[in-house]
């Protein structure tokens, strides 16, 4: 009689599960368990139903009871681990998976789940070992390849990620692996393949906001901004409270050269999620393109620090570093730009010239991509660590374990930053230099490297959270690209007219800049302007800037708007068509200023009120070309006009600018490294002295 009643209960459980009625399924499963309290299978079933209802703590109770009845079941142990994960009891989950593996080493699901826990904890080495063990025991187990692909993806090893996603798909078609492969392809620059793959997935699951968000990213890289906007709008419609697509719309506007509109979208993202660090960093970055009021940027940077402090569980500063001033110091550099990037032109020369008897160099790479420049950085580091995808606290613990004396941030609030790591104060002394041309806003950041041209003494010291350290020889040291070309003859000789040029990002080309450049073109008869920026691949961006000049009476045949050139040598070759480079304001060019000078092209700049508006002034001071620094728009116009009229001066400059740069502080890595190392010694000595 009891057996029949038990079987009836089980049958009703199956019927209610099939109908999706979890409440009735649980009620009947409890009744079955009361009839056979030592039936592990029923207790396991009850645990799984309870978990589906969202009551994971109760599920743990039932699953533990099931295991007590059948201690050797790998399925029960594995599912108990999953339930522990759902309640945030990760140590308990890890122990469950380890026990299952000890009893059943061929149960590959437990290997994969254990690896997933290690991955989420930032222990990539242990995670990889688990996934690889699962594959070695079951070479056709697709989820392990998928998990390994995810590991490689978050750590920036995109080729390996792509290979593992493809292997998973060869074994079985899976939307997750397809999505992962599309992400990897997009980040590798195979944007059309990525877009095709996203659109294949979209045909099956059109209402996936994450898919729409990532499809938008690759469409933007393909120069299809309007389609990207449509995707982001769809994502917002599907999930209105999700801040990510609003942040994405901000990135679209930023790339189109509309930082004001970008800021509006970043603020909307922050309205949805005030502690959304990426959107807040993007907001700060874009404020620098249009604001010349340091007080506003400073106030927003302080708010960033407040929001992140409220969100994060920060480590308590406690250092085992030996407090002596004369010993060899450990310097850590943190960047997402150890690759072909503007930062590399200035950071490489320092790393190459560092005194290795006095300084031990650690590099913590958050690169999204690896390339030949990455290999150069690796060769210059005594220790190299990939931190992409590793949680902030885990990175901070690693840096503290490495006993870094001075930790230097090379990214700030720019893309691919790890600024939250610095909030944990993993090193006794923390410094920002390069990458982001303003205050971090962090209480935990001690110093900022600058010079007295970029930051005149006493002018804005109170509007930085960091103490400003001004290097007497300038805060930049440029290293030319080995793909650059010889300096060409003056282009006016063959073109018959003066050609102005700007290779700056569109977001730096504000309405004020266009007004001034239009005045210059009107003042210099028959002159031309060449603008080159990756975002000019996009038709919407091209149309916007052409219309801006047209509205100011500039004939469109006097303008040449170019997008990304395939080879770096083509980029340098384009300087052969430029007579005079026009700098942007309020955000100057740094790399573009150095490149133009290196190619024999003089640069006219307008010195501004903030650090970003004095970057080119700092460079021109180092090279001894202060006569090309204007202090208002009228003098900027006058300088451009007079230099355009002086053919002989331009010819002389073109003939000797490269030699002049090579003989200046701007390209003296030994002297620059000595400046930086003396600074490191001084600030380390101050820390030691403060702590007795």
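Take every Cα-Cα pair in region 573-692 and report what % of them are more than 21 Å apart.
In whole percent, the share of Cα-Cα pairs in region 573-692 beyond 21 Å is 46.
In square nanometres and to one decimal, what's the mean projected area of the convex hull around the Cα atoms of region 169-221? The partial results should precede the final answer.
On the way: hull surface 13.3 nm².
The orientation-averaged projected area of the Cα hull of region 169-221 comes to 3.3 nm².
Run through every distinct alpha carbon pair of region 441-495 and return the Kirkwood hydrodynamic radius in angstroms, one decimal place.
14.6 Å
Run through every distinct alpha carbon pair of region 393-494 and return the Kirkwood hydrodynamic radius in angstroms, one decimal place.
Evaluated on region 393-494, it is 15.8 Å.
How high is the relative contact order of region 492-667, in percent, counting Cα pairs under 8 Å that sit 6 or more residues apart?
22 percent
Send over the semi-axes of region 194-286's equivalent ellipsoid, whole angstrom and largest first, taken as the square roots of 5 times the C-alpha gyration tensor eigenvalues.
22, 15, 9
Taking a temperature of 20 °C and a viscosity of 1.002 mPa s, what whole-number D in µm²/s does Stokes-Einstein yield for region 445-529 with Rh from Kirkwood over alpha carbon pairs?
125 µm²/s
Over region 407-554, what relative contact order in percent results from Cα pairs under 8 Å that are six or more residues apart?
Relative contact order, region 407-554: 15 percent.
Taking region 499-540 as the region of interest, what is the percent of Cα-Cα pairs per 10 angstrom bin, listed from the shortest bin to the one with the maximum distance?
26, 53, 21
Take the Cα coordinates of region 374-420, assign each an equal point scatterer, and use the Debye formula without solvent to give log10 I(q)/I(0) at q = 0.27 Å⁻¹.
Here log10 of I(q) over I(0) equals -1.33.
For the peptides 3-12, 249-258, what is the packing order when you average, over each peptide's residues, the other Cβ atoms within 10 Å and list the highest mean first?
By packing density, highest mean first, the sequence is 249-258, 3-12.
Compute for region 35-149: radius of gyration divided by Kirkwood radius, i.e. Rg/Rh, restricted to C-alpha atoms, rounded to two decimals. It would help to have the intermediate numbers written out before the result.
Details: Rg = 14.3 Å, Rh = 14.3 Å.
Across region 35-149, the Cα-based Rg/Rh ratio is 1.00.
List the pair-distance distribution P(r) of region 111-214, using every Cα-Cα distance, as the percent of pairs falling in each 10 Å bin from 0 up to the bin containing the longest distance, rounded to whole percents.
17, 45, 30, 7
As an exercise, use a Förster radius of 41 Å and the Cβ-Cβ distance of residue 8 and residue 87 to find the FRET efficiency, rounded to the nearest 0.05.
0.80
Evaluate the Debye formula for region 1-50 with equal point scatterers sitting on the alpha carbons, no solvent, and hand back log10 of I(q)/I(0) at q = 0.31, 0.32 Å⁻¹, in q order, two decimals.
-1.21, -1.26
Ranked from highest to lowest mean number of other Cβ atoms within 10 Å per residue, what is the order of the peptides 85-98, 580-593, 104-117? Present the calculation step by step, with values, prior to reporting the outcome.
On the way: 85-98: 17.1, 580-593: 25.1, 104-117: 21.4.
For the peptides 85-98, 580-593, 104-117, the packing ranking is 580-593, 104-117, 85-98.
What does the convex hull of the Cα atoms come to per residue for region 329-470, in Å³?
102 Å³
Binned at 5 Å from 0, what are the whole-percent values of the Cα-Cα distance distribution for region 620-688, short to long?
Once binned at 5 Å, the Cα pair distances of region 620-688 give 3, 13, 15, 17, 14, 11, 9, 8, 5, 3, 2, 0.
Would you calculate the convex hull of the Cα atoms in region 305-402 and tell me its volume per residue in Å³?
Taking the convex hull of the Cα positions in region 305-402, it is 130 Å³ per residue.
Of the listed peptides 490-502, 642-654, what is their order by residue-averaged count of other C-beta atoms within 10 Å, with the highest listed first?
490-502, 642-654
When the convex hull of the C-alpha atoms of region 410-453 is computed, what volume per residue in Å³ does it have?
71 Å³
How large is the direction-averaged shadow of the alpha-carbon convex hull of region 492-667, in nm²?
9.5 nm²
Roughly how many whole Å is it from the C-alpha centroid of region 562-577 to that of region 1-68?
69 Å
Compute the semi-axes of the equivalent ellipsoid of the chain, taking the square root of 5 times each eigenvalue of the Cα gyration tensor, and list them largest first in whole Å.
Values: eigenvalues 600, 181, 95 Å².
Taking √(5λ) for each Cα gyration eigenvalue gives 55, 30, 22 Å.
Take 196, 357 and order them by how many other Cβ atoms sit within 10 Å, fewest up front. The partial results should precede the final answer.
Details: 196 13, 357 7.
Ranking 196, 357 by Cβ neighbours within 10 Å, fewest first, gives 357, 196.
Suppose a student asked you for the relative contact order of the chain, using Cα pairs under 8 Å spaced at least 6 residues apart; what percent would you report?
9 percent
The numbers here are math on the coordinates, done by the rules we state, and not lab data. Since this is a predicted model, take the numbers as computed values, not measurements. Cβ sites come from the backbone with ideal geometry, for glycine too, and all protein chains shown count toward neighbours.
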